[in-house]
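This report concerns only the one structure given below.
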Amino acid sequence: MGMTPTARRTLLWLLVVLGLYVGLWAAVFPASFYESFPGPFSSWVAADGPYNEHLVRDVGTFNLGLAAASAAAARYRDRRPGLVVALAWIVSSVPHLGYHLHHLTGLGLVDAVAQVVALSLALVLSVPLLLPDRTVAMTDGTVAGGVVAR
């Protein structure tokens with residue numbers, strides 16, 4: 001099983017969107033992010049402790065950095081830039097998800113499930129980027145790397 005360049009780029013662009021959503025909101029409007037993230041019907045950040053503008057902005061700029069790296073990696077057909085970006089998303093996402101899995105008390109069932117799903121999204125998008133490139137069997141019996149046999 002392997003990854004096509006198109007699938008790789010699609011996953012990277014979805015990570016860009018994720019990073020921009022969190023990053024722009026937290027970096028530009030930190031108080032709003034604190035009070036109402038992930039949207040108008042919940043407040044996951046405020047439920048976890050007192051407001052700290054510095055830390056919220058740090059979360060925002062960190063996510064903007066991941067979004068920028070993801071956008072840069074999406075410009076390449078080669079898997080290596082996407083692999084590096086995937087590792088960065090995974091390294092940041094695993095402890096973040098782990099923290100929240102251990103701090104679900106006080107959330108309603110809908111928010112608890114939504115939080116786990118939302119925080120798993122970066123992993124769902126990143127882990128497949130670790131897959132090797134798909135190989136294609138040529139008509140002459142040889143194998144070509146990538147997905148387009150020319």
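Quick note: the coordinates plus some simple rules give every number you see, no bench work behind them. A quick note: this is a predicted structure, and the numbers were derived from the prediction, not measured. Please note: Cβ atoms are built from the backbone with ideal geometry, for glycine as well, and neighbour counts cover all protein chains shown.
Under the criterion of Cα pairs below 8 Å and six or more residues apart, the relative contact order for segment 5-145 equals 27 percent.
Of the residues G23, S43, L66, the one whose Cα sits farthest toward the positive end of the charge dipole of the chain, with +1 on the Cβ of Lys and Arg and -1 on the Cβ of Asp and Glu, is L66.
A viscosity of 1.306 mPa s and a temperature of 10 °C, combined with the Kirkwood radius over Cα pairs in Stokes-Einstein, give a translational diffusion coefficient for segment 7-52 of 138 µm²/s.
Relative to 2.2 N^0.38 Å, what does the C-alpha radius of gyration of segment 1-128 come to as a ratio? Two decimals please.
With N residues counted in segment 1-128, Rg over 2.2 N^0.38 Å equals 1.09.
Quick check: net charge around A7, other residues with Cβ under 13 Å of its Cβ, Lys/Arg +1 and Asp/Glu -1? Once all neighbours under 13 Å are counted, the net charge is +4.
Look at T61, T105 and count the other Cβ atoms within 10 Å of each Cβ; fewest to most, that gives T105, T61.
Considering helices alone, the calculated mean residue ellipticity of the chain at 222 nm is -21000 deg cm²/dmol, with DSSP H runs of length four and up weighted by -39500 (n - 2.57) and normalised per residue. Residue-normalised convex hull volume from the C-alpha trace of segment 32-95: 103 Å³ per residue.
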